[in-house]
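Trainee: Take a look at this one; I'll ask things after.
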Amino acid sequence: MVERTDNENPGSALKAETTAPDFTLSSGADEKVSLSDFRGRPVILAFYPADWSPVCGDQMALYNEVLPEFKRFNAELLGVSVDGVWCHRAYREHRNLHFRLLSDFEPKGEVARTYGVYRHGEGVTERALFVIDGEGRIAWSYVSPIEVNPGADGILNALESLSGKEMANVDKRNKRESQTKSASL
């Protein structure tokens, strides 16, 4: 199930400041995950072409290694590809991955299409990254050349930026509350 958007232009990834379309995908035989399950905290969506390909393996292994850094920002990492749940299960176990892999299998690539990162000619997703803030808005997005591991620096920079914005908002809120208390005294 995918919340529809106006993004019908293939190869046109959703940009920052766009509301992230909600979706529900399988992460196991009897387990479904929705983007909205993580409202209130940052989410990293890592679309990748296919389990078992060399670049995807390196990319997912890197994210597994930097997972503690993502957790430091209270961020949830979700890998997304068009592979089925059983393929994901075998891949996760074989690579010893400690984050969810979501199956955008049927209808094939529906979520990737909604995010503008489905490769129609090949039937796989782009290698695309989205950092979504706690309010469900895309804070940062990036589409890497399919043969290039995008690394984690962009994700970490986006999370750092989000963290700074959240701290600035807290400071503003505290200042307003302090002014309100002073005015009432």
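The values are calculated or read from the model by the stated rules, or taken from the named source; none is laboratory data. Source: prediction; values computed, not measured. Here the Cβ positions follow ideal geometry from the backbone for every residue, glycine too, while neighbour counts run over all protein chains shown.
Trainee: Which members of region 1-16 meet the condition of being assigned to a loop (DSSP other than H, G, I, E, B) and modelled with pLDDT under 95? Working first, answer last.
Mentor: Restricting attention to region 1-16, the residues satisfying the condition of being assigned to a loop (DSSP other than H, G, I, E, B) are 1, 3-16.
If the condition is that a residue be assigned to a loop (DSSP other than H, G, I, E, B) and modelled with pLDDT under 95, then Met1, Glu3, Arg4, Thr5, Asp6, Asn7, Glu8, Asn9, Pro10, Gly11, Ser12 are the ones that fit.
Trainee: Testing Asp30 on (1) surrounded by fewer than 16 Cβ atoms within 10 Å (Cβ to Cβ); (2) at pLDDT 95 or above; (3) of a type in the set (D, E, K, R), one condition comes back false. Which one is that?
Mentor: (2)
Trainee: Tally the residues that are farther than 26 Å from Glu160 by Cα, surrounded by 16 or more Cβ atoms within 10 Å (Cβ to Cβ) and of a type in the set (A, V, I, L, M), restricting the search to region 88-137.
Mentor: 2
Trainee: Please work out which one of (1) touching a residue at least 40 places away in the same chain (Cβ under 8 Å); (2) at positive phi is the condition Phe105 fails and give its number.
Mentor: (2)
Trainee: Let me ask something else about it. Go through region 68-83 and count every residue that is surrounded by fewer than 17 Cβ atoms within 10 Å (Cβ to Cβ), in contact (Cβ under 8 Å) with a residue 12 or more places away in the chain and out of contact with any Lys or Arg (no Cβ under 6 Å at 6 or more places or on another chain).
Mentor: Total satisfying the criteria: 1.
Trainee: Mind counting the residues in region 58-93 that are closer than 21 Å to Leu25 by Cβ and more than 16 Å from the chain's Cα centre (by Cα)?
Mentor: 11
Trainee: Continuing with this model, one more query. Of all residues in region 25-62, count the ones that are outside any helix (DSSP H, G or I), in contact with a Phe, Trp or Tyr (Cβ under 9 Å, 6 or more places away or on another chain) and more than 25 Å from Ser163 (Cβ to Cβ).
Mentor: 5
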